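First the structure, in the form of structure tokens, and then the observations on it.
The values are calculated or read from the model by the stated rules, or taken from the named source; none is laboratory data. These numbers come from a predicted model, not from an experiment. Quick reminder, even Gly has a Cβ in these numbers, built from the backbone with ideal geometry, and neighbours come from all protein chains shown. Accessible surface areas use protein heavy atoms only, side chains included; no ligands, DNA or RNA. Shrake-Rupley method; radii C 1.70, N 1.55, O 1.52, S 1.80 Å.
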Amino acid sequence: MKKSIIILQDLSCFTKASINISLPVLEAMGADSAVLPLTLLSTQSDGFDNIYVRDLAGCCMEVLDKFSQNGFAFDAFLSGYLSTPDQYEVAYSAMKLLREGAIRIIDPVLGDDGNLYPGFTTSHVDMMRKYIRNASVITPNYTEACMLTGKTRVDDILSEFSHLTPASVVITSLPTEDGKVATLVSSDGVVRIEAQRDLGASVPGSGDLFSAVLSGRLLHGSDVFSAAFDAARITTDAIRHTLSTGRIRRAGIDIVTAIRGVV
């Protein structure tokens, strides 16, 4: 019987990000996926100025009520971009539909390159800091790890996370001294790091791809170390493929390589 997962992310009508990545990747990995599109966007925000945005938190709460009435239950939970208090309430409510022992993967989307994303404030950091207490695994990039902990040194970041959440910590886009980027995994007192070549460019949707592959691997019983490092390699390959095709960056990552890598 397929393992099931409920995905809480935004839905972009044109570009490849969030649900447009997580759903096909997780389905290709054999997961039975349900989605809660918390925000409807014409395009993702990176690279576009004229964007339609509609908060669907109220609609998602009604969907969850129907899920509950139908007795739906899930083996895993994946959440990404949360922008309002109402969307956080949807996430907390969705957790009530999880089976005992369900995996809770939280991608604490807040910012990148040392800055908060547009429209985010310190109050969003505070809401996320409280929210990650409920996670099994969190996947911040280095900027988000610094924002959530108030620290910049890796040892200090991990120490602070141990007070904030019982979750395993997966930090992506960690800069290294030799000019590479690394993925760091900390779980049950064990810390491992694997570096990848810095491709010199970021592509929208890369973080969503990483968290989706990680979730799929965890659903199939992989430990968090092998799941995270596999997700990092697949994401790096997908970024490399996207850049090689001449695809317009703002259109988001081309997930063809990723799907071939997970099936």
Just need the Rg to Rh number for segment 1-125, please, alpha carbons only, Kirkwood Rh.
0.97
Which of the pairs K3/K151; K16/K151; K96/K130; K3/K180; K2/K66 have their Cα atoms more than 27 Å apart in this structure?
K3/K151; K16/K151; K3/K180
So what is the relative contact order of segment 98-217, in percent, for Cα pairs below 8 Å that sit 6 or more residues apart?
20
At 1.4 Å probe size, what's the solvent-accessible area of H220? Round to the nearest 10 Å².
120
Using per-residue counts of other Cβ atoms within 10 Å, averaged over each peptide, order 102-109, 236-243 from highest down.
102-109, 236-243
Rough spin-label spacing in nm, given labels placed 7 Å along Cα→Cβ, for K151 and V191:
0.8
R0 of 41 Å, Cβ-Cβ distance T176-C13: FRET efficiency to nearest 0.05
0.65
Along the charge dipole of the chain, pointing to its positive end and built from +1/-1 on Cβ of Lys, Arg, Asp and Glu, which listed residue (L219, G47, P175) has its Cα farthest out?
L219
Residue-by-residue Karplus 3J(HN,Hα) for segment 187-200, coefficients 6.51, -1.76, 1.60, Hz, glycine and proline x:
8, 6, x, 9, 10, 9, 10, 10, 9, 10, 5, 6, 7, x
Just need the relative contact order of segment 65-148 here, percent rounded to a whole number, with Cα pairs under 8 Å and 6+ apart.
32
Tensor-based shape of segment 96-197 (alpha-carbon gyration tensor, a/c under 1.5 rounded, otherwise prolate or oblate):
oblate
Mind telling me which of S136, S123, S83 comes out most flexible in a GNM of the chain, alpha-carbon contacts under 10 Å?
S123
Interchain or long-range residues, amide H under 5 Å from V35's placed H
I7
Ordering V90, V35, V263 by the accessible surface of their heavy atoms, 1.4 Å probe, largest first, yields V263, V35, V90
Charge sum, other residues only, whose C-beta stays under 13 Å from T84's C-beta, Lys/Arg counted +1 and Asp/Glu -1:
-3
Over the heavy atoms of E194, what accessible area does a 1.4 Å probe trace out, to the nearest 10 Å²?
50
Once you order the gyration tensor axes a ≥ b ≥ c over the Cα atoms, which shape class does the chain get: rounded for a/c under 1.5, otherwise prolate or oblate by comparing a/b with b/c?
rounded
Of every hundred units of 1.4 Å-probe accessible area on the chain, the number belonging to carbon and sulfur atoms, as a percent, is 50
With only Lys, Arg, Asp and Glu charged, each at its Cβ (+1 for the first two, -1 for the last two), find how big the charge dipole of the chain is about the Cα centre; round to the nearest 20 debye.
440
Alpha carbon centroid spacing (whole Å) that separates segment 204-263 from segment 1-62:
16
If amide hydrogens are placed 1.01 Å from N in the peptide plane, which non-local residues have theirs closer than 5 Å to the one on Y81?
D10
Run through segment 2-64 and list the chymotrypsin sites (Phe, Trp or Tyr not before Pro) located in a DSSP loop whose Cβ has at most 13 other Cβ atoms within 10 Å.
Y52
